[in-house]
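K.L.:
Following this message is one structure expressed as structure tokens.
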């Protein structure tokens, strides 16, 4: 793997949103000697399948999987992540997540949420979702939200189980932990690193299908806080 390359990987079905996403990525400051590539996956059968295809197509050691409606405002994102990844026991990092998954398997139901993201879901409705902050540079968590997940190792995204658009993110966190790696959230006390601009909508009924699949696969590994 090329340790001097970072790949930004996005499943795309909207040229408008991806052009915005990529505009922000193109303006990031890269550490000296680092190069970047931008992989847009079209017509993916699922998020996991799209991510697996892109992962196999690049030799970049560092990969940042992000939604097309995620806007990175921290210009030093890559350098900040590389500092975190100096700890070789860390496999992945996200912007917001929970220390311990609850019995539902849904990360935002967790009792201790760490991280920060600026949510811009509707015009003139911007919310700074600022939760607990790590005492140090980062906090180990059990699961992070999938709008942005950075990795320094390649693991298979479970497209065999998650053939849609839900729970692929919590699943990959558990896969990293199965391999002995930590998942973390960085300290964003000074400012948020990312904006996320999803359209507000209720959870799709199919979400519950993938929740059940997740709990069948990983439920015995959960230790909910009470």
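K.L.:
Taking the chain as a Gaussian network, Cα atoms linked when under 10 Å apart, which of 43, 59, 80 shows the biggest mean-square fluctuation?
P.N.:
Looking only at 43, 59, 80, the largest GNM fluctuation is found for 43.
K.L.:
Need one number for segment 10-85: average projected area of the convex hull over its C-alpha atoms, nm². Could the numbers behind the result be given before it?
P.N.:
Details: hull surface 20.5 nm².
For the Cα atoms of segment 10-85, the hull's average projected area reads 5.1 nm².
K.L.:
How would you classify segment 63-148 from its alpha-carbon gyration tensor, with a ≥ b ≥ c the square roots of the eigenvalues: rounded for a/c under 1.5, else prolate if a/b is greater than b/c, otherwise oblate? Before the final figure, lay out each step's value.
P.N.:
Numbers: a/c = 1.68, a/b = 1.08, b/c = 1.55.
Taking the square roots of the gyration eigenvalues as a ≥ b ≥ c, segment 63-148 is oblate.
K.L.:
Let me ask something additional. Of 217, 159, how do they rank once you tally other Cβ atoms within 10 Å and put the fewest first? Spell out each step's value before the answer.
P.N.:
Values: 217 17, 159 20.
Ranking 217, 159 by Cβ neighbours within 10 Å, fewest first, gives 217, 159.
K.L.:
Sort 47, 1 so the one with the fewest other Cβ atoms within 10 Å of its own Cβ comes first. Present the calculation step by step, with values, prior to reporting the outcome.
P.N.:
On the way: 47 24, 1 13.
Lowest to highest Cβ neighbour count: 1, 47.
K.L.:
Give the relative contact order (percent, whole number) for segment 2-221; include only Cα pairs under 8 Å separated by 6+ residues. Walk me through the intermediate numbers first.
P.N.:
Values: 465 pairs, mean separation 54.8, N = 220.
Relative CO of segment 2-221 lands at 25 percent.
K.L.:
Could you check which residue among 163, 154, 15 shows the biggest mean-square fluctuation in a GNM of the chain with a 10 Å Cα cutoff?
P.N.:
The residue that fluctuates most here is 15.
K.L.:
Rounded, prolate or oblate: which fits the chain when a ≥ b ≥ c are the square roots of the eigenvalues of the alpha-carbon gyration tensor, with rounded for a/c under 1.5 and prolate only if a/b beats b/c?
P.N.:
Working: a/c = 1.21, a/b = 1.18, b/c = 1.02.
Taking the square roots of the gyration eigenvalues as a ≥ b ≥ c, the chain is rounded.
K.L.:
Gap in Å between the Cα centre of segment 162-193 and the Cα centre of segment 75-120?
P.N.:
One Cα centre to the other: 6 Å.
K.L.:
Moving to a separate point now. For 182, 199, 3, what's the fewest-to-most ordering of other Cβ within 10 Å of each Cβ?
P.N.:
Values: 182 17, 199 7, 3 14.
Fewest-to-most Cβ neighbours within 10 Å comes out as 199, 3, 182.
Here, each number is a calculation from the coordinates, and none is a lab measurement. Model, not experiment: these values are computed from the prediction. Cβ coordinates were reconstructed from backbone atoms using ideal geometry, including for glycine residues, and neighbour counts include every protein chain displayed.
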